[in-house]
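Presented below is the structure to which this report refers.
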Amino acid sequence: MKKTFGILMLLTMLLCSLTALTACGGDGSPEGMQLIRGGEDIGYYFYGPEEWIVANQEKYGIACSYVSKLDNSSVTLVEADMPETSITEYVAEEMKKFPEGFELTSTLAPKEDSFGNAERAYKTSYTYKYAGFSYRTMQIYAIYGERFYIFTYNAPLVNYSEEETYYDRYLEKVEAVIKNVKFVDISGGEDVPAPEYEKDADGFSLVSDRAICGFDFYMPESYKLDWATSMVSVTRTDGSNITVSEATDTNVDDNGYWRTRFEQLGRIATEVKAVEGSKVGVDLGDGLDAVSMEYTYTMMGKDYKVYQVLIVNGFKGYVYTFTAEAELYDGLKDEATTILYKIEF
């Protein structure tokens, strides 16, 4: 069933915490990409960068993927009702719907462009401010047969480095997303069976491939798998998230790592603070050195708390990160700690 999605709905979905996450499959995906959402039953195949988190909003039929809990740069695709006016008039009307608290700062008129194998497509972009932060959005309105789709790329318009903003940093990846969209005729589709995982004595599912990521990760039923490649990400329905990945910067000590982490987080969040006295050693077994820290931050009006563990296994380092809304954190940390202790390197 088609729905009407204007600026208000799309921005609300983009700027809220992304909570309804789903597992994704990579069969047939272009190199370096993963299937975000697709099938003949919905009429398209939408691919995104393999390292991004899949966050589909199935209730609303929104395909979505974003960079990480610390970087909400995202791409979405949704089917909408076919406009009864021209695209230019449609966009002009949508721009009038910006909600209170959003300051629209610039817009570009829609121009004809390409979007995968869509029959027609029109691209526009605009910038806005929200909660003291600047963002840039690219939107493409695509037509395939009698169906109408809206693609959105949204990213902070703040510097990632001296040379580029977050928006510019991911443009090459977003162009690949745009190029590889594939629309198909809608059929009845077939139900895809849920994957079967090996389980441990407590009923936790082994969802990772040690040959790819370097460890075994066991997930309880309260979590759902986002993806498991070189990095594993799992999320609860309340939005609490756990990721485990190999550390990319092994030339610094733990203090240097967290100093850099806080600096990067501070570009897109506020009130980034370490919890006093929370830095402690963690005993994960023979051959592993680990130290943990808790810290808090505020993003888009919500307070979050993080339990992060840096783990050294021989010459390799790994990062375990549990993130939850501050009010949920204490009730979920024991479970998150159990998950940590079940990881096998």
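The values are calculated or read from the model by the stated rules, or taken from the named source; none is laboratory data. Quantities reported herein were computed from a predicted structural model and do not represent experimental measurements. All Cβ positions, even for glycine, are placed from backbone atoms using ideal geometry, and neighbour counts span all protein chains on display. When the accessible area is computed, the model is the full protein with side chains, heavy atoms only, and any ligands, DNA or RNA have been set aside. Shrake-Rupley method; radii C 1.70, N 1.55, O 1.52, S 1.80 Å.
When you look at GLU119, is it closer than 20 Å to PHE46 by Cβ and either open to solvent by 50 Å² or more (accessible area, probe 1.4 Å) or not polar (S, T, N, Q) (or both), yes or no? Against the criterion (closer than 20 Å to PHE46 by Cβ and either open to solvent by 50 Å² or more (accessible area, probe 1.4 Å) or not polar (S, T, N, Q) (or both)), GLU119 qualifies.
For the range 28-44, give me the residue count where each residue is of a type outside the set (A, V, I, L, M, F, W, C) and crowded, with 18+ Cβ neighbours inside 10 Å.
Of all residues in the range 28-44, those of a type outside the set (A, V, I, L, M, F, W, C) come to 28-32, 34, 37-41, 43-44.
Those still in the list that are crowded, with 18+ Cβ neighbours inside 10 Å too: 29, 34, 37-38, 43-44.
Total meeting the criteria: 6.
Can you tell me which residues in the range 233-259 are open to solvent by 60 Å² or more (accessible area, probe 1.4 Å) and either in contact (Cβ under 8 Å) with a residue 40 or more places away in the chain or closer than 19 Å to SER68 by Cβ (or both)? Scanning the range 233-259 gives THR237, GLU246, THR248, ASP249, THR250, ARG259. Scanning the range 61-83 turns up no residue that is open to solvent by 40 Å² or more (accessible area, probe 1.4 Å) and in contact with a helix residue (DSSP H, G or I) (Cβ under 7 Å, 6 or more places away or on another chain). Within the range 202-217, identify whether any single residue is buried (at least 20 other Cβ atoms within 10 Å of the Cβ), in contact with a strand residue (DSSP E or B) (Cβ under 7 Å, 6 or more places away or on another chain) and either part of a helix (DSSP H, G or I) or free of Cβ contacts under 8 Å to residues at least 12 places away in the same chain (or both), and answer yes or no. There is no residue in the range 202-217 that is buried (at least 20 other Cβ atoms within 10 Å of the Cβ), in contact with a strand residue (DSSP E or B) (Cβ under 7 Å, 6 or more places away or on another chain) and either part of a helix (DSSP H, G or I) or free of Cβ contacts under 8 Å to residues at least 12 places away in the same chain (or both). Evaluate the range 99-107: report whether one residue or more is open to solvent by 10 Å² or more (accessible area, probe 1.4 Å) and of a type in the set (A, V, I, L, M). There is at least one residue in the range 99-107 that is open to solvent by 10 Å² or more (accessible area, probe 1.4 Å) and of a type in the set (A, V, I, L, M). Taken residue by residue, the range 266-278 has no member that is closer than 20 Å to ASN56 by Cβ and open to solvent by 70 Å² or more (accessible area, probe 1.4 Å). Counting the residues of the range 159-179 that are open to solvent by 70 Å² or more (accessible area, probe 1.4 Å), closer than 21 Å to ASN117 by Cβ and in contact (Cβ under 8 Å) with a residue 40 or more places away in the chain gives 2.
Per-residue answers, yes or no, for (1) at pLDDT below 85; (2) closer than 30 Å to GLU246 by Cβ:
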position	(1), (2)
THR12	yes, no
ASP27	yes, yes
ILE87	no, no
PHE98	yes, no
PHE102	yes, no
PRO110	no, no
